[in-house]
Amino acid sequence: MSTKQKTFVLIGTITIILAIDQIVKIWVKNTMEPYKGVELIPGFIELYFIENRGMAFGTEFGSGVWAKYALSLFRLIAIIGIGIYIRKVIIEKKTNFLFLIAMALVFAGATGNLIDGMIYDYIFDLDGHLKTNWVTVYNDNNDVYFPEKLRETGFMLGSVVDMFRFTVVWPSWMPFKLAGEEIFPPIWNVADFSISLGVGFLILKYRKFFGKRKNVASLETQAESTEA
């Protein structure tokens with residue numbers, strides 16, 4: 001595959017994933033209410049709109065504004081590093097097609113979630129369609145109120161939009177109190193799926209690679225034994 005073809009595949013894959021990810025997120029933000037579910041496939045998957053402050057699949061990364069800045073900065077550095085790696089190693093040298101797609105999927109997924117944090121606070125209302133960054137809090141008698149800030153907003157501080165939720169549960173005979181519990185409770189988005197798929201391809205690719213290296217080493221050992 002030529003450099004031009006590899007570049008086309010990379011840009012095409014990244015563009016498609018980013019477009020799907022952002023279209024779904026924007027549609028969910030504008031049409032769904034937070035914490036409300038809509039079944040896509042009954043008993044299997046549903047749309048369930050939440051906004052999280054953490055990493056992929058809602059994984060927490062501390063609390064507060066500095067934790068959010070650290071997470072966003074980590075995403076940005078990772079994306080830059082992947083981009084440099086793609087440019088120097090993948091495009092300029094011979095590489096497996098599956099590896100090419102895998103890196104594109106990881107890059108697109110990481111970028112998709114970074115976009116949420118970078119700009120969503122500027123183009124959308126706050127989490128949960130609230131119209132302001134302040135909420136009214138009443139005292140015990142409900143006659144005196146004061147504004148309370150929900151969270152810091154701005155560049156790199158936006159929440160990530162998640163919407164897909166598996167509703168499959170463990171069967172009744174499962175031990176360790178698993179019966180009736182969701183098999184995979186995290187709520188995720190297209191970007192998370194893209195990252196997971198890319199990492200899966202990388203594991204598959206390197207498993208094959210190291211399997212080949214092992215076979216080559218075995219053949220070399222056998223050859224040395226024969227010569228001896």
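Every number here is computed from the coordinates shown, using simple stated rules; none is lab data. Please read these numbers as outputs of a predicted model, since none were measured by experiment. Please note: Cβ atoms are built from the backbone with ideal geometry, for glycine as well, and neighbour counts cover all protein chains shown.
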Can you list the residues, at least 5 places off or on another chain, whose amide H is less than 5 Å from the amide H of MET174, using H built in the peptide plane?
ALA179
Starting with the fewest neighbours, write out TRP188, TRP66, TRP170 ranked by other beta-carbon atoms found within 10 Å of each beta-carbon.
TRP66, TRP170, TRP188
Could you put ILE84, ILE17, ILE115, ILE45 in order, starting from the residue whose Cβ has the fewest other Cβ atoms within 10 Å?
ILE84, ILE45, ILE115, ILE17
Other-chain or far-sequence residues with amide H under 5 Å of VAL169's (modelled H)
ILE183
Tell me, what HN-Hα J-couplings in whole Hz come from the Karplus equation 6.51 cos²θ - 1.76 cosθ + 1.60 at θ = phi - 60° for each residue of region 35-42, using x for Gly and Pro?
6, 10, x, 10, 5, 9, 10, x
